[in-house]
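Scroll down for the structure; my scribbles are underneath it.
The values are calculated or read from the model by the stated rules, or taken from the named source; none is laboratory data. Only a predicted model underlies this, so the values are computations on that prediction, with no experimental measurement involved. Cβ atoms come from the backbone with ideal geometry, glycine included; neighbour counts cover every protein chain shown. Only protein heavy atoms, including side chains, enter the accessible area calculation; ligands, DNA and RNA are left aside. Shrake-Rupley method; radii C 1.70, N 1.55, O 1.52, S 1.80 Å.
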Protein chains: 2
Amino acid sequence: MKFCGDCGAPVELRVPAGDDRARYTCRACGRIHYQNPKLVVGCLAEYGERVLLCRRAIEPRLGLWTLPAGFMENGETVEEAAIRETAEEANARVEIVSLFSVVSLPHISQVYMLFRARLLDEDFGPGHETMDTRLFTEQEVPWQDLAFPSISHTLIRYFEDRPTGEFGLHSATIRHRGHRAGQ
Amino acid sequence: MKFCGDCGAPVELRVPAGDDRARYTCRACGRIHYQNPKLVVGCLAEYGERVLLCRRAIEPRLGLWTLPAGFMENGETVEEAAIRETAEEANARVEIVSLFSVVSLPHISQVYMLFRARLLDEDFGPGHETMDTRLFTEQEVPWQDLAFPSISHTLIRYFEDRPTGEFGLHSATIRHRGHRAGQ
């Protein structure tokens, strides 16, 4: 950020009075422009023994597989965001079951919230940002070709919980690609 | 937003190609400025039979009681944010137990994530934005003087779960002050 969105004057990084970290602050009007983490919300949609994955048609990780998920928009709830993303990426209709994983990625200031959901029918297919959509059993999941560590983490925990029929809420922190902590 | 933070030229609301909603877009450099919900993160800190509340020294809701919570910052995890907010608002040290409530407030594009936590000692007291900090039993909670419906919702669910010793994860949507849906 170089300019103030309110008045167009240059901003500078400055610690505001009573604050403890530098913020982009307008030199002319004084407006402080806070920057905060973004929520990435989506679904782990079940259909019998199988789960729905999307093969990415866009960068980053073009060609790799992921759960339908994306940035939450203003004016919606987390559940509405998860349902919308699943519709946009996989043209799929789901019913939310419960929140299943919360993954913090502090190095990129993102928090993933992924919901377990029931896929309502087999009438799905790739959205604009997806080149393929498919249902996979645990054995069929393309484990070596998953797009993001937050997705691998969530699928691993899901297939661990599944035989017990009891699905916990799984929190984790991923500090960089490939490293994982939490439970 | 009136001006582009990257180049200082005026922005306009326009639906970008392939998108389905209007975004602030720079007329000069074309940069799209996405706006997304903010996460408010904090703790419901237990100390024996009692929970820690903070009396707000700032607007909005000056003089009313709340759980220690605030906007998550870039570069931290949700748990780190909850611990930091509890330290800032109540000078209190806590150990996170588990995520207890997730509340979407779509009319103000916020999502609350409140963690159950153990208060580690009684050495706490008001931070800069707090005029009082106190431990309350269920009967002592100032139910009529709570600052936000997300906080009331969380405390009600907490004292419902407490006798059972089993604390679920509670999701809810609050569409405007005073209205509540979810469980």
Scan the stretch A:37-81 for residues that are over 20 Å from A:ILE156 (Cβ atoms), within 11 Å of chain B (Cβ to nearest Cβ) and among the hydrophobic types (A, V, I, L, M, F, W, C) and jot them down. A:LEU39, A:ILE58, A:PHE71, A:MET72, A:VAL78, A:ALA81
Counting only residues that are under 25 Å from A:GLU79 (Cα atoms) and within 11 Å of chain A (Cβ to nearest Cβ), how many does the stretch B:1-21 have? 4
Kindly establish whether A:CYS29 is loosely packed, with under 15 Cβ neighbours inside 10 Å and in contact (Cβ under 8 Å) with a residue 24 or more places away in the chain. yes
Please work out which one of (1) in contact (Cβ under 8 Å) with a residue 12 or more places away in the chain; (2) open to solvent by 40 Å² or more (accessible area, probe 1.4 Å); (3) aromatic (Phe, Trp, Tyr) is the condition B:TRP65 fails and give its number. (2)
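For B:GLY5, state whether it is assigned by TED's automatic domain parsing to the domain that holds B:HIS170 and either assigned to a loop (DSSP other than H, G, I, E, B) or open to solvent by less than 10 Å² (accessible area, probe 1.4 Å) (or both). Let's see the steps before the verdict.
Values: assigned by TED's automatic domain parsing to the domain that holds B:HIS170: no; either assigned to a loop (DSSP other than H, G, I, E, B) or open to solvent by less than 10 Å² (accessible area, probe 1.4 Å) (or both): yes.
The answer is no for B:GLY5.
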If A:TYR34 satisfies all but one of (1) within 10 Å of chain B (Cβ to nearest Cβ); (2) buried (at least 16 other Cβ atoms within 10 Å of the Cβ), what's the number of the condition it fails? (2)
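Can you spot a residue in the stretch A:78-87 that is in a loop (DSSP other than H, G, I, E, B) and either open to solvent by less than 40 Å² (accessible area, probe 1.4 Å) or in contact (Cβ under 8 Å) with a residue 60 or more places away in the chain (or both)? Explain how you work it out, then say what you get.
Keep residues of the stretch A:78-87 that are in a loop (DSSP other than H, G, I, E, B), which gives none.
No: the stretch A:78-87 contains no residue that is in a loop (DSSP other than H, G, I, E, B) and either open to solvent by less than 40 Å² (accessible area, probe 1.4 Å) or in contact (Cβ under 8 Å) with a residue 60 or more places away in the chain (or both).
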Filter pass, A:LEU146 being more than 23 Å from B:ARG21 (Cβ to Cβ), within 14 Å of the chain's Cα centre (by Cα) and of a type in the set (A, V, I, L, M): yes
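Quick check, is B:ALA92 over 19 Å from A:LYS38 (Cβ atoms), assigned to a loop (DSSP other than H, G, I, E, B) and over 23 Å from the mean Cα position of the chain (by Cα)? Show your work before the answer.
Working: over 19 Å from A:LYS38 (Cβ atoms): yes; assigned to a loop (DSSP other than H, G, I, E, B): yes; over 23 Å from the mean Cα position of the chain (by Cα): no.
Here the answer is no, as B:ALA92 does not meet what is asked.
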Determine if the stretch A:103-114 includes at least one residue that is surrounded by 19 or more Cβ atoms within 10 Å (Cβ to Cβ), among the aromatic types (Phe, Trp, Tyr) and part of a strand (DSSP E or B). yes
Kindly check whether there is at least one residue in the stretch A:71-86 that is of a type outside the set (Lys, Arg), touching a Gly at 6+ places or on another chain (Cβ under 8 Å), in the same structural domain as A:THR173 (by TED's automatic domain parsing) and closer than 19 Å to A:THR173 by Cβ. no
